[in-house]
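Here the structure is laid out as structure tokens; the discussion comes afterwards.
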Amino acid sequence: MAMPVAPVLRYLRTLRRFWGTALATQLEYQLNALIELLAMAGNLAGSLLLLWLFHRQGVALGGWSWNAVLVVLGAYTFLDGLTSTLLRPNLSRIVNHVQEGTLDFVLLKPIDSQFWLSLRTISPAGLPEMGLGVVLMLWAARRELGALPPAPLLAAAVLLLAAAVILYALWFVLAATSIWFVKTWNATEVLRAALTAGRYPVSAYPAGLRLLFTLVLPVAFLTTVPAEALLGRLTPLTALTSLLLACGALVISRAFWAFALRFYTSASS
Amino acid sequence: MSFLPPLRVARTLWTVQFAYMAEYRAEIALWALSGVLPFIMFGLWSAAAADGSAAAHGSVAGGGGPLLGLSAAEFARYFVCAFVARQFSVVWVVWQFEEDALEGRLSPYLLQPLHPLWRYVAAHLAEQATRLPFALVIASGFFLLQPQAFAWPAPGRLLLGVLSVGLAFAIHFLLQSLIATLCFWSERASALERLFYVPYVFLSGLVAPLQAFPPELQRLSLHTPFPYLIGFPAQVLAGMPMGGEAPFSLAGGLAAMVLWLLLLVPALLLLWRAGVRRYSAMGA
């Protein structure tokens, strides 16, 4: 089946307009950006401090070396940055749209509503965090392995993308439940709190939590799997599982949105 | 002036705020659940303690003994107490205050013959009362999964623990109110709270008991209010040893908390007075 090019181009052009206007707005709040930057640096320093507290006791978290653990922290930092850049600014507004009835206007636009709701705006303050996460991953992996062959690099890039898709689907499905419950913002806070578990390799947890973070809340696929890929320790089966999970999550998020919209009755009716 | 009016005001404030908070039970339950961080950290520390790799490598602090000199059960008790301490000392005044200031609700509050901060104190206490059953359910659930960690605290420790959680709430409330008062100068004081939150997470004992800190960092952090917000109340509640080699002593910790209160109350009142003088009633 040939991919229709014109609609894709149209969506890309729209995206450029969306983000251009968002950037112009955000540039008005430079002090906020500075505070975000400082908070990011502080958070990373705190995470390093905590890892060092384990390290100085001679604890190798889950049997991972210091540098290998830093690769996981890098993956977490990247995804945390992605959350502040795209997920939170966009998906946290779904609640407001439902509450104030402005979701009607979104649904009437000649554009896919999930696309609009997920990518309408961008918060550039999270971009440095994403960059720093990638740099930390590469730097720590280089120190661990001595060199970075292209094959693990490519695998890590693909699996990090898969992780981003899984993370997006989790957030989107949770945010979409606001069609029924209206106030689900706190539920995403619970998700955020639980996902901080991804700062450390999943094997560092006791068996019960490891199972929970692999099967119920896929924390393992978010940070540990991309890190394993970069360190060249990944089994093909895990990689395949992660890719299938990402595809499945995306399909489920679309199906769930279509399902949720059937129950949408607008704010005033 | 008689003694009764303040009491009546307090009762009315409490009744109103409790009725309000009870309406938001579901949200408060989710907030309670979003405090899972200590349980995640318990997972890491207990797995590290059970792993025994620390002993094999010859640990710095324990000299080959158990990790940090704490057993897995003690780690569990510490982190569940850290969870409880945080549940009842968590403060959100800065967001509420910012919203009230931006939407012009603050102006009528300022006209009333009652310091507006008392209203927020009542709201926090009412929210804590609403949160109590949820926090208890979560803590009991944890003990069901980790029955070997359960132990009744000694009555004296329980009493002192409750007292220190109360003091921790007071200190946290005053600190965040200081940030909130900056709303009189800047529209977005809550952004500053994000900066304050970083040392709160990493130095308070939420992610690691203070025993894990190297001695210099331990000393440094004890000069800040952060360890008294979570770490000290949690260690009192968990019945951990105090004094000697331990990071806190019972009397010293309580004295430090009172000292912080004595420092913060006048600071807040001064900043508040300066702020109100600047206030130009947004939205009016």
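The values are calculated or read from the model by the stated rules, or taken from the named source; none is laboratory data. Just so it is clear, the model here is predicted, and its values are computed rather than measured. With ideal geometry, Cβ positions are generated from the backbone for all residues, glycine too; neighbour counts draw on all protein chains shown. Note: accessible area is taken over every heavy atom of the protein model, side chains too, but ligands, DNA and RNA are not part of it. Shrake-Rupley method; radii C 1.70, N 1.55, O 1.52, S 1.80 Å.
Here are the numbers:
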item	result
Criterion: aliphatic (A, V, I, L, M), open to solvent by 20 Å² or more (accessible area, probe 1.4 Å) and under 11 Å from the mean Cα position of the chain (by Cα) - qualifying residue of B:Leu195, B:Leu159, B:Leu182, B:Leu167	B:Leu167
Flag if A:Gly74 is in a helix (DSSP H, G or I) and either within 14 Å of another protein chain (Cβ to nearest Cβ) or modelled with pLDDT under 90 (or both)	no
Conditions (1) surrounded by fewer than 22 Cβ atoms within 10 Å (Cβ to Cβ); (2) assigned to a helix (DSSP H, G or I); (3) within 14 Å of chain B (Cβ to nearest Cβ): number failed by A:Gly58	(2)
Given (1) in contact with a Phe, Trp or Tyr (Cβ under 6 Å, 6 or more places away or on another chain); (2) within 20 Å of B:Leu70 (Cβ to Cβ), number of the condition B:Gln128 does not satisfy	(2)
Residue within segment A:32-49 that is away from chain B (no Cβ under 14 Å), open to solvent by 90 Å² or more (accessible area, probe 1.4 Å) and part of a helix (DSSP H, G or I) present	no
Matching residues in segment B:248-272 - criterion: being assigned to a loop (DSSP other than H, G, I, E, B) and either closer than 19 Å to B:Val94 by Cβ or open to solvent by less than 20 Å² (accessible area, probe 1.4 Å) (or both)	B:Phe248
Residue list for segment A:235-269, filter: in a loop (DSSP other than H, G, I, E, B), over 19 Å from A:Val173 (Cα atoms) and either among the charged types (D, E, K, R) or open to solvent by 90 Å² or more (accessible area, probe 1.4 Å) (or both)	A:Ser268, A:Ser269
Residue list for segment B:213-239, filter: part of a helix (DSSP H, G or I), over 25 Å from B:Ala149 (Cβ atoms) and among the polar types (S, T, N, Q)	B:Ser221
Given (1) away from chain B (no Cβ under 14 Å); (2) open to solvent by 50 Å² or more (accessible area, probe 1.4 Å), index of the condition A:Gly133 fails	(2)
Verdict on A:Leu230 being out of contact with any Ser or Thr (no Cβ under 6 Å at 6 or more places or on another chain), modelled with pLDDT of 90 or more and within 12 Å of chain B (Cβ to nearest Cβ)	no
Residue list for segment B:41-51, filter: open to solvent by 10 Å² or more (accessible area, probe 1.4 Å) and either within 7 Å of chain A (Cβ to nearest Cβ) or without any contact (Cβ under 8 Å) to a residue 12 or more places away in the chain (or both)	B:Ser46, B:Ala47, B:Asp51
Subset of segment B:241-261 (residues that are hydrophobic (A, V, I, L, M, F, W, C), closer than 23 Å to B:Ala73 by Cβ and out of contact with any Pro (no Cβ under 8 Å at 6 or more places or on another chain))	B:Met242, B:Ala246, B:Leu250
Test for A:Gly248: is it under 22 Å from the mean Cα position of the chain (by Cα) and either of a type in the set (Gly, Ala, Ser) or more than 14 Å from chain B (Cβ to nearest Cβ) (or both)	yes
Residues (open to solvent by less than 30 Å² (accessible area, probe 1.4 Å) and within 14 Å of chain A (Cβ to nearest Cβ)) located in segment B:107-140	B:Glu127, B:Thr130, B:Arg131
In segment A:1-33, the residues that are at pLDDT 85 or above and closer than 30 Å to B:Phe202 by Cα	none
Inter-residue pairs, beta-carbon under 6 Å, first more than 29 Å from B:Val201 (Cβ to Cβ) and in segment B:11-35, second of a type outside the set (A, V, I, L, M), 6+ apart	B:Ala22/B:Thr130
Whichever residue in segment A:180-201 is of a type in the set (Val, Ile, Thr) and open to solvent by 20 Å² or more (accessible area, probe 1.4 Å) and, among such residues, is modelled with the highest pLDDT	A:Thr196
Residue list for segment B:89-121, filter: closer than 30 Å to B:Arg77 by Cα and assigned to a helix (DSSP H, G or I)	B:Val93, B:Val121
Residue tally, condition open to solvent by 70 Å² or more (accessible area, probe 1.4 Å) and within 23 Å of the chain's Cα centre (by Cα), over segment A:1-16	2
Hits in segment A:62-76 (condition: within 21 Å of B:Val201 (Cα to Cα) and open to solvent by 10 Å² or more (accessible area, probe 1.4 Å))	A:Tyr76
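Residue-wise test of (1) more than 27 Å from A:Tyr11 (Cα to Cα); (2) free of Cβ contacts under 8 Å to residues at least 24 places away in the same chain.
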| residue | (1), (2) |
| --- | --- |
| A:Lys109 | no, yes |
| A:Ala140 | yes, no |
| A:Leu160 | no, no |
| A:Val173 | no, no |
| A:Trp180 | yes, no |
| A:Asn186 | yes, yes |
| A:Ala207 | yes, yes |
| A:Thr214 | yes, yes |
